[in-house]
Structure formats: structure tokens, C-alpha cells
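J.: Once you've had a glance at the structure underneath, I'll fire off some questions.
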Amino acid sequence: MPDSPPAVAPAIEARGVSKAFPGVVANAGVDLRVKKGEVHAILGENGAGKSTLASILAGLYRPDEGEVRVNGEPAHFGSPRDALARGVGMVYQHFRLVERFTVAENVVLGDPHQPLLLSTRRAEKTVAELGEKYGLPVNPRARVEDLSVGEEQRVEIVKMLYRGADVLILDEPTAVLTPQEAENLFETVNAMAAEGKSVIFISHKLSEVLAVSQHVTVMRDGHVVARAETASSDRRSLARAMVGRDVDLSVQRAEEAPGEPLLVLEGLNVAGEGDTVPLRDVSLEVRAGEVVGVAGVSGNGQRSLAEVAAGMRTPTSGRVVVRGVDTTGKGPTAARRAGLAYVPEDRLGTGLAPSLSISENLLLTHPRPFFLKRKQMEATAREAIKQFEIRAPGPDAATRGLSGGNAQKALLARELSDGPEVIVVASPTRGLDVGATQAVREILDRRRRAGCAILLISEDLDEVRSLSDRILVLYEGRIVHETSGEEANVEDLGLAMAGSSEH
Amino acid sequence: MNDAVWVLTLAAAVSAGTPLVFAAVGEILAEKSGVLNLGVEGMMLLGAVTAFLAAAASGSPLVGLLAGTLAGGGLAVVHAFLSVTMRANQIVSGLALVIFGTGLATFLGNPIEGDPLKPGIVDLRIPILADIPVVGRILFDQDPLVYASWLVVALAAFYMTRTRTGLALRACGESPETADAMGLSVARLRYVHVIVGGLLAGAGGAYQILARVPSWSGAGTTAGIGWIALALVVFAAWRPWRALLGAYLFGAALAANFALQAAGVDAIPAEFLSMLPYLLTILVLVILSASSARKRLGAPAALGVPYAREER
Amino acid sequence: MQVHLERRLETRTGHRALVTVLSIVAALLLGAIFLSLTGASPLVVYTEMFRAAFLSFYGITDSLAVAIPLILTGLAAAVAFRMQLYNIGAEGQLYVGAIFGSWAALALAPGLPKPLAILLVIAFGALGGALWVLPPALARAWLGTSEIITTLLLNFVALYLMRYLIFGSASFLRDSTTTNFPQGKPFPEEAFLPVLGLTRVHLGLAVALLAAVLLWVLLGRTRFGYDVRVVGDSPGAARYAGISVRRTIVVVMLISGALAGLAGAGEVAGTSHALDPSGLAVNFGYTGIIVAALARSNPLGVVVVAVLLGGLQNAGSALQSIPGGGGVPVEVSFMLQGAILLCALAGELFVRYRLRLRRGLPDELTEGARP
């Protein structure tokens, strides 16, 4: 190559990195340069290839083409071990922590400097020091399974700092945090950059990127589509680069007076089961033509709430009434017969049976004749594929192979097909790209206008705010805050989500 | 010797439980790495027949033990290859291992069926300790492999909880993604521990033929104790010391035949006494799953799940 | 060079067949190693086995006769596999089916019209097998007790029960007329399954084939089969759809046990005409697991594989009496069956994944080499 390396080599650099998975090209000739002491954001919607790029930088995946350089030196990472040895550490979106271990045990795991006989004393001390220095308080002796999501994230960061990471990759770090926790994270990130560390901050949220980074690289469909200094770039052009067109995610809501209450939950108490959180004295009602949004940090009883409403779980006390019919604990089929549809958060595995085909899955929650009518099932599936614009090889394709958006559309196609008047949806757009998100939100809004009562349970505060007429906040199995959609104030919601509301 | 019958029975229980100790500790190590190896019975049988052949050929039970141990490990390599490298269904692979191991062992053992084994293992009475009343007879008047099994238990327990590799092992079974992200090789950890598990199962099988049964009798040589060892792992909540205790409990059931006959009880037909250890094991499993209902005590979270990094 | 696995987006039937054939070849090679170790000539042994199993009329019919219980135990394993259940207690369920069938043959059949007598024997066989699997099924469904170990351990209990009835006691099923070696009481003629000419192929073959077809329809074409697949694929989705996971588990296990019980009743009524513990304890149940795994739980595939493995087993026992067999014991067929299953498992990978070879340098990408 003719160009000589610059005076100060980038802390980490990707040159023409490509990576393909069966059926998708996740990265195509990606270039990235991150300077020492800089917070560098990678902006892109879901599926743009950000996580793949991060995994390549962290040594988890090998690039098909191109190379990674650290401080100007080529780095052929065979595994995360190699990357860590060169000072590159990553905090994954789904944390890599051993739940049953203590914080200190997690920190020393895989540390080559650890003596053969385990000793966590030094680690405990270092964890405390690092916590102090970067504002990451964690108790090194606590078991990870007892920590909150925010604390787990701190453990992840401390773990990488302990291992001497100079380049820290944070993959969608705010997805699981309350707004206040996100603020704290930004401070930590800035503190690390001030210490000369480089932080790669991956996000699909424009406002965060603008708040925290000095530099931004925008990705779309596996390509880098824009690069800019954050300070000098404008919001609109970044958004357009990210999505490829102008986009407005807010749904235009026509004001209509809500009608009769169609879904009524009364004084529900639900015991925790396995790792689900119990519900305590939850009452709410959803009226015809109304969306009630339930916000909250993940793991605060959302699943119990959705399942008890959908009849999948029996409360220890309280009632569930669907269109005047008491369906409490009568099973999902009874709730459905009363006119309720449930779109669970867990699309593959609950909403859809992954190895069954689309046409078979469309039958899952409907009455089935003893002898299956294959022809008819196939015709129904073709119709749904057309109507909901599901991109799939055909009606016989296993739902396992569908993208998140297409799986969600298949799920909605089935659940909405017999005109339910009550819809319970959980995190309906999690992991979907902008196009699919918009499609799903529009489908829900159309139903609302047609007079459906919709209970929306979501950890995405923006989603709850943009869709709901009323917003409730769930914290440790209780409803701790209620506000109308217009009055909703992010700060109050965030405080309630963190459990520190006025009461 | 005029020890009471119950003392002799307990001593027999210790000896009968010893193959279980080896096999169960081996399986604990394999399962802690996240690999379920149902092939214990096959590895034990192959270990037993190999031990017999090697001991008979060399005239040395020690050579027999080593050969049996290696044979068990060799079969475990197959399981490690299928379940780690080939990502096969671990249950089916384990079953295949039992069927193949049993077939191969009975095939190799066909010519020696019924032959008595000349050089068996001799008891090693530990001076002083063996003179302790009752306890001495039960615990310290046994063969050297019984003592060796205690060492194996102690080492395994120490290794799992106190060493760097032990921590890596547990992480690998709890969350292989984490182990991988922290720079550990999941495949290597799993291979090593599955193979060590196989070596110990082979040693258990070797012990069975060298010290327990009078001759090779095909699949009847181990008669399902490999499966009991698997149940024992659950019973022990994946802890070696508890496995030792459990092994002696099941050993007592295995030795009950002997005890009741010695006590002159013949009201219970021999066949029903022979059913006892199996029924006891089933009962224990059912009770355990009923009581520990939702909490899988000690079971590694990723047990039985193949790990592949680059799949999405 | 580095080997790299890539998931295939779809699997092809041709691929599967090829991999199965290659697995059998690999298993034979593996078996050859052990045969040579014992001093036998693998080539001679294999030729003799093939001749014994498939090259003469009686060879073929004997192989078919062995295939009858294997089809049934194979189906028993397959129906459970479909739901990710592992009933490996077909061996014991077969014994208990044989015990129940024998009781029906001796106690109920005498004097009855033949079709009714046979029907009773078969029905009792199925009942016995189903009853034997009931406790593990209930424990699995309500307490989550792994059915693998419980069903397996019950095999030993059933074995001792059968031995007790013939060797250990003066039971109703034991022949009281002989005093030397204890054996089962001979069945009355009414309970004999009709045989095909002078061969050993009995009516059980028709029953087994019927069972295979019925199961194929049930699993592939009905609501029940659909529910089974949903529960097996993801219990979460089943719960969501309101399918009772517990009931489905119990029903599938009962069907599985009944099929294995049928195999036992078929053996006593079609072959030994008495309860014969040593004749029954020849691993039909365990081999059924191999049959189901090789057939990938497809009921019709089970029939094909059972005939193949039946031939292998038949050849194994024929080998001992054949001069060219070189004193190779019957166990050779069990070893080979196990080896085939192991090789097939390894081969499964090539069905699901594509192997790609590439060089160590990341910037040089070689085209995927297909196996």
C-alpha cells in the first residue's frame, strides 16, 4: 500500500472487513478507525451489521476478508483470548457472565495471570478500586444472579478493565437500562476516555450517540454509509444515512374517546414461577380503542403480567375479565375464545414453534380438526405471506429461518386473523429493523382505531411513549406509576422504573 | 473373624459402591463441563473386559486396571468427538456408546466367558486404623482401590472448587459463551473432562471385574451399575463427596442380597432382592425431582447443549 | 488450512441416503478392525453374514422374522423420539408384554376361536408394555423426572420379574410337567400366530406393518401428531397454544410402551409359543433404539432399517453354526449395530452442515469444498 501510516496509529482499526453468514452478508468491506482516548459510536439499525463488526474486533468471529489492526499492527485474532491479550475487550448485548459465580469469580475467569490455586483476593481489591475510579460500584462478593441488570453491566465493564482492556466495545449498552442508569453509563464512558481508553459505543439510538460520542460511523446493510465528527453533524442527515430514507417512527394518533373496558385485571397476585417475578396487587383496565402501555426494566414482572392476562398462568388471587367473561386461570384457549390474542415477547419458542413450518405455525392457536387439511393450511399461509408481506422461501419454510421481523409478522398474521378485540403484546418490535418496526406499529395502531383494546408491555420506553394512550410503570411486580400518554415525562418514568418514585 | 453380619454387610457395601464412586465422579467432571455422557455403562463394560484380558495376559491386576482405565477413556473420546466436534445429540450419542461398548465388550469377552480371573486384587489392611472397632473393618480392611477412590473424590472436589481450571470447568458447563468470551477453549475443556470421565468409568469397570465379580459374564458383569452411577450424579447434586456417600448407599442395596442370605432370610426370592438397587435408584430419582421441583440443584445450566460460536 | 462448519439452509433426502450408506460402510470397516484383532478374516465373515441373511429363501424369511420385533421396538423408540422423549425401556416393556401375552394365551385363549384368542394375546401384550412404562411416564410428566434412567432401570426389574416367573417360582406361566430345566408352559394351539408356509415369519409382521402405517398417519396427518411435534419442538409454544404437555407426554409414552409390549407378545405367540426368558433377552429393545435413530424417527423408515438390522442379527446367530464363520460369536452383530449408529451420528453432521476448508490467512478466501 502506498500510503504511509499516520504519525499516531489508531488504537483499533478495521480494514475492508467482510463477513458472510449462510444467506446474509453481515459486513461488506467495512473500514473503521478509532483513535486513542476517543468515544466512537457505531450507529445503525438492527441488522445493519454492527454486532458482527464488534464480534470481529473482539476476536469472536473471524473476518472472511480484510484485517483488524491494533495500534497499527495487524492482529489475527483466533479467539477472544487473542483480542484480550492485545487489550481489546467487549461487553456483549447479552452479558457473558456466569450467573452462579460471584462477581470476583467472574472477573478472574480465564485470567492467565491467575495462579493455579484460585485466589480472588487480589481481584476483589482491584474490582473495588476500578469501581471507585470509573464510578462503577459493585460488590465483588455478590453472586451475579442476585444483581440487577444495571449492576451486571457494571460487572462486565469492570471485568474488561481488570483484564487490561484499552479498547472497550459496548454493544447496545443502554437497551437494558433506565434513563438515569444510562446517564451514569455515559459518565463512566467519558471517564474511561479521559484515561486514554478508546470506547466503541454501538447503538441504534441517535440521541445517545449524539450525547456520548466524539466520532460516529454509520452502518447500513453491512456497509459503512457515513462517517462524521459528532459535534459537527446534524441529526437529520445521520438518521437518513442510517435508514436510507426519511423516517418518522411516531404513529399519528387520531384522538378518539375510548369505549367500554374490554380487558379488566382486578387485584391480581401471581406467584413467581422458576425465574419469573411475582405480581403483587395489579389492577388495570384497557378500553376499546385504547392502548395501555406498561413500561419497566426487564425482569420486573412483565412476563407474569402478560401470561396471567393471556390465561397461561393462574393467579393466587384476583380476576381476569375479557369482554365481560371471567377467564381467570381457565387456560389460554378459554381466553382466546373470549376474544383475546396474545403476542408474546419470545417469538420463537413461545409464539412460534421454531422447527415447524409457517403453515403449521399458523394453526398453532386455532381450533384444529383431527385430520389436518394440508392443502388448506398451505393456502392460508400463502395468503398470510402476501397480506403481511412476510419474506420467506414459502409456506413450508421453518420459522426458525425467518428474520425477527418476518417471524413477528407471521405471528401477528395468526393472532390477528380471527379479529380479536383484546390484544396483549409484549416487546413487539424488539430486535426488528426500522422497516419492520414501523410495519408492526402501524398494524397495532390500525387495530386500535378499529376499536381493539391493546395492552402493550415493553421495555422500550420510546415505544411505549409513542403508542400508548396511558402508561403504567411496573416495578418489582407492582404498578408504581400511572400517567396519560401526553403528560408522560421521561424523567418521572425513569425514576419509577428504577423504583424510586415519590411513594 | 466373628464380625457381626451387619458389619460385614457394610464392608461389602463399601466395596460394591466403589465402582460407582469412580464412575460417578468421572461423570460429574464430564457433566460439569456441559457434556452429558449417558455411555457410562458401555465404558464400564469395555473397561471391565479389557482389564480382564490384560490382567490375564500379563498376570498383573495393575496392568489390568491401567488397560481397563484406558479403554474407558478411549470410548469417551468417541463421545467427545461426536458431541463436541460433531455437535451430535448427546443423548443419542451416549446411548450409541452404550450399545457399541456393550456389543464390543461382549464380542471381545466371548472367549473368556465364565473363566475365573487368576490374579485378582488383594486386600490391603491399613495397620492401626483397621483395628478401630467396626469402622476399621468397614473402611480400612479393603483393597487398595477403595482407598484410591477416596483420593479420586478428594482430588476432584478440590480441583473443581479451588483451582483455576476447576473454575474454568464450571464456567464451561454453566455458560460456555462466557467461557469462550473470556478466552477459554470450550472444546478443549469439554474434551479433556469427557475423557477423564471415561478413564474413571473404565477404572470403575476394571474394579468391578478385578475385585467384585468372580468372572466375566457379558453384560451381566456390570448389570446396569453404569446407569445407577448416572442417577447417583443427580443424587449427589454434582458434588464428589456426596457422590461417595451415595455410592455406599447404593452399594448397600447391591450388597443386600449377600446380607439377607447371610442372615438366613429366604422369604424374599433372590430375584426380588436383585431388583432392589434398580427400584431404589428409581425411587430416589423420583423423590429428588419431586422435592427439588423447579430448582435443579447443582445441575450445570448448559448441560447437554452443544456449543457453537459462529452460528446464528 | 482450517476446517470450518457452516449450517446448511436445507437438507436434501439424497444427501441423507448417501450419508447413511457411507455410515454403514464406515461401521463395517471399524468392525473389520476388531474382527482382525480376534484373528478372524473380516472379508470371510462379512461374506458369510450377507449370504446367511439375504441370499437364500429361508435366510431372507428368517431375517424378516427377526425384523418383526425390531419394527415394533423401533416404532416404540421413534414415536417417543418425535417428542424428544427417550424411552429406552422398550427392552423391559417387551418382557412385560410377553408376560401379559403369555398369561392371556394360557388363561384366556383355550377354547376360544383362534382370531379372538390371538386378539386377546396381542391386546394383553400391548397392555403390559403400556403399564410398564406408565410410572416413568407419570413421573416425567408431573415431576420432570428424566425418563431416560427410569425407563432403562426398569428393564432390569422386568428381566428379574420374568426370571422369577419361570426360574424362581412355580408360577402359572411355568411348565409344571418338566422337572429338569425350568421353562414356560406351552401355549394352546389357539394362541399360536399363523405363520407363512414353512418359514418363521408370523402374523406379527402384518401387525408391525399396520402399526407402522397407522403411526405414520397419526404423526404426520393428524392433530395429535401436530401436538406431539409442537411439544417436542418447544414446550413453551405448546403451553401458549393450550396443548397439554403432560397429557401428550403420557399418551406418547403409553403408545411407545404398548408397541414394545406388542413385540413381546408377538415373540411368544409367534415364535417360542411359551414364555422363554433367554430367547426374549436378545436386545430387541436396545436395537429398536438404533433402528429409530437410523430411520430418523420416520415410521416407514423404521420398517426398512429394521429389515436390514434384522438381517444383521439373523446373520450373527447363523454365523456360529456356519463352517466359514470361524467361530465368530453372535455378539459381532451387536458390535456392528452399535458401530453403525455411531458412524451415522457422525455422518448426521454432514447432512446438517457444509464443510468448508480455508487457509489460515484471513484475506485469502477459498471456495467452499463440498463433501
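J.: Taking B:Glu271, is it acidic (Asp, Glu), without any contact (Cβ under 8 Å) to a residue 60 or more places away in the chain and either within 12 Å of another protein chain (Cβ to nearest Cβ) or outside any loop (DSSP other than H, G, I, E, B) (or both)?
T.: Working: acidic (Asp, Glu): yes; without any contact (Cβ under 8 Å) to a residue 60 or more places away in the chain: yes; either within 12 Å of another protein chain (Cβ to nearest Cβ) or outside any loop (DSSP other than H, G, I, E, B) (or both): yes.
Yes, satisfied.
J.: Any chance the stretch C:255-278 includes a residue that's in contact (Cβ under 8 Å) with a residue 24 or more places away in the chain, touching a helix residue (DSSP H, G or I) at 6+ places or on another chain (Cβ under 9 Å), under 29 Å from C:Lys114 (Cβ atoms) and within 14 Å of another protein chain (Cβ to nearest Cβ)?
T.: yes
J.: Same structure, new question: Would you check if B:Leu62 is without any contact (Cβ under 8 Å) to a residue 24 or more places away in the chain and away from chain C (no Cβ under 14 Å)?
T.: Criteria met by B:Leu62.
J.: Let me ask another. Against the conditions (1) facing chain B (nearest Cβ under 9 Å); (2) part of a helix (DSSP H, G or I), where does C:Leu134 fall short? Just the number, please.
T.: Every listed condition holds for C:Leu134 apart from (1).
J.: Can you tell me how many residues in the stretch A:453-503 are within 17 Å of A:Gly299 (Cβ to Cβ), crowded, with 24+ Cβ neighbours inside 10 Å and more than 22 Å from the chain's Cα centre (by Cα)?
T.: Residues that pass the stated criteria total 0.
J.: Of all residues in the stretch C:259-292, which are small (Gly, Ala, Ser), assigned to a helix (DSSP H, G or I) and closer than 26 Å to C:Pro186 by Cβ?
T.: Hits for the stretch C:259-292 are C:Ala260, C:Gly261, C:Ala263, C:Gly264, C:Ala265, C:Gly266, C:Ala269, C:Gly270, C:Ser272, C:Ser278, C:Gly279, C:Gly285.
J.: Moving on. Go through the stretch B:82-135 residue by residue and tally those that are away from chain C (no Cβ under 11 Å) and outside any loop (DSSP other than H, G, I, E, B).
T.: Adding up the residues that qualify gives 9.
J.: Search the stretch A:102-119 for residues being within 17 Å of A:Asp146 (Cβ to Cβ) and more than 7 Å from chain B (Cβ to nearest Cβ), and hand back the single one that is surrounded by the most Cβ atoms within 10 Å (Cβ to Cβ).
T.: A:Asn106
J.: For residues that are closer than 16 Å to C:Leu349 by Cβ and either within 14 Å of chain A (Cβ to nearest Cβ) or at pLDDT below 85 (or both), tally how many sit in the stretch C:23-50.
T.: 1
J.: Part of a helix (DSSP H, G or I), in contact with a helix residue (DSSP H, G or I) (Cβ under 7 Å, 6 or more places away or on another chain) and either within 14 Å of chain C (Cβ to nearest Cβ) or modelled with pLDDT under 90 (or both): which single residue out of B:Ala243, B:Ala247, B:Ala203, B:Ala231 fits that description?
T.: The match here is B:Ala231.
J.: Here's another thing I want to ask about it. Would a scan of the stretch A:193-201 turn up a residue that is among the basic types (Lys, Arg), in the same structural domain as A:Gly16 (by TED's automatic domain parsing) and over 19 Å from the mean Cα position of the chain (by Cα)?
T.: yes
J.: Scanning the stretch B:57-87 for residues that are surrounded by fewer than 19 Cβ atoms within 10 Å (Cβ to Cβ) and among the small types (Gly, Ala, Ser), which turns out nearest to B:Val192 (Cα to Cα)?
T.: Going through the qualifying residues, I end up with B:Gly74.
J.: Tell me which residues, restricted to the stretch C:241-293, are hydroxyl-bearing (Ser, Thr, Tyr), buried (at least 23 other Cβ atoms within 10 Å of the Cβ) and modelled with pLDDT of 95 or more.
T.: C:Ser256
J.: Let me ask you something else. Of the residues C:Val157, C:Val121, which is closer than 25 Å to B:Trp227 by Cα, surrounded by 18 or more Cβ atoms within 10 Å (Cβ to Cβ) and either of a type in the set (Asp, Glu) or in contact with a helix residue (DSSP H, G or I) (Cβ under 7 Å, 6 or more places away or on another chain) (or both)?
T.: C:Val157
J.: Here is a further query. For C:Ile88, only one of the following conditions fails: (1) part of a helix (DSSP H, G or I); (2) crowded, with 24+ Cβ neighbours inside 10 Å. What is its number?
T.: (1)
J.: Find the strands (runs of 3 or more DSSP E) located wholly in the stretch A:14-96 whose residues include 3 or more that are away from chain B (no Cβ under 13 Å) and closer than 28 Å to A:Thr174 by Cβ, and list them.
T.: By residue number, A:24-34, A:39-43.
J.: Something else about it: For the subset of the stretch A:20-70 comprising residues that are touching a residue at least 60 places away in the same chain (Cβ under 8 Å) and of a type in the set (D, E, K, R), which member is surrounded by the fewest Cβ atoms within 10 Å (Cβ to Cβ)?
T.: Here the answer is A:Asp31.
J.: Residues that are under 24 Å from the mean Cα position of the chain (by Cα) and buried (at least 20 other Cβ atoms within 10 Å of the Cβ): find the helices (runs of 4 or more DSSP H) completely inside the stretch A:342-452 holding 1 or more of those.
T.: A:404-416, A:434-449
J.: OK, next. From the list B:Leu45, B:Leu29, pick out the single residue that is under 12 Å from the mean Cα position of the chain (by Cα), away from every other protein chain (no Cβ under 14 Å) and at pLDDT 95 or above.
T.: B:Leu29
J.: Here's a follow-up. Return yes when A:Pro74 is modelled with pLDDT of 90 or more, out of contact with any Gly (no Cβ under 6 Å at 6 or more places or on another chain), over 23 Å from B:Thr165 (Cβ atoms) and not aromatic (Phe, Trp, Tyr) and no when it is not.
T.: yes
J.: Given the structure, is C:Gly220 of a type outside the set (A, V, I, L, M, F, W, C) and crowded, with 19+ Cβ neighbours inside 10 Å?
T.: Criteria not met by C:Gly220.
J.: Taking the condition assigned to a helix (DSSP H, G or I), surrounded by fewer than 18 Cβ atoms within 10 Å (Cβ to Cβ), assigned by TED's automatic domain parsing to the domain that holds A:Glu156 and not acidic (Asp, Glu), does A:Ala128 pass?
T.: Taking the combined requirement at face value, the residue satisfies it.
J.: Quick check on my filter: what residues within the stretch A:295-307 are among the aliphatic types (A, V, I, L, M) and more than 13 Å from every other protein chain (Cβ to nearest Cβ)?
T.: A:Ala295, A:Val297, A:Leu305
J.: Whether any residue in the stretch C:212-226 is more than 13 Å from chain A (Cβ to nearest Cβ) and either more than 22 Å from the chain's Cα centre (by Cα) or free of Cβ contacts under 8 Å to residues at least 24 places away in the same chain (or both) is what I want to check.
T.: Yes, there is a match, as at least one residue in the stretch C:212-226 is more than 13 Å from chain A (Cβ to nearest Cβ) and either more than 22 Å from the chain's Cα centre (by Cα) or free of Cβ contacts under 8 Å to residues at least 24 places away in the same chain (or both).
J.: Identify, from the list A:Ser232, A:Ser283, the residue that is over 26 Å from A:Asn46 (Cβ atoms), in the same structural domain as A:Ser51 (by TED's automatic domain parsing) and modelled with pLDDT of 85 or more.
T.: A:Ser232
The values are calculated or read from the model by the stated rules, or taken from the named source; none is laboratory data. As the structure is a prediction and not an experimental result, all values here were calculated from the model. Neighbour counts are summed over all protein chains in view; Cβ atoms, including those assigned to glycine, are modelled from backbone coordinates with ideal geometry.
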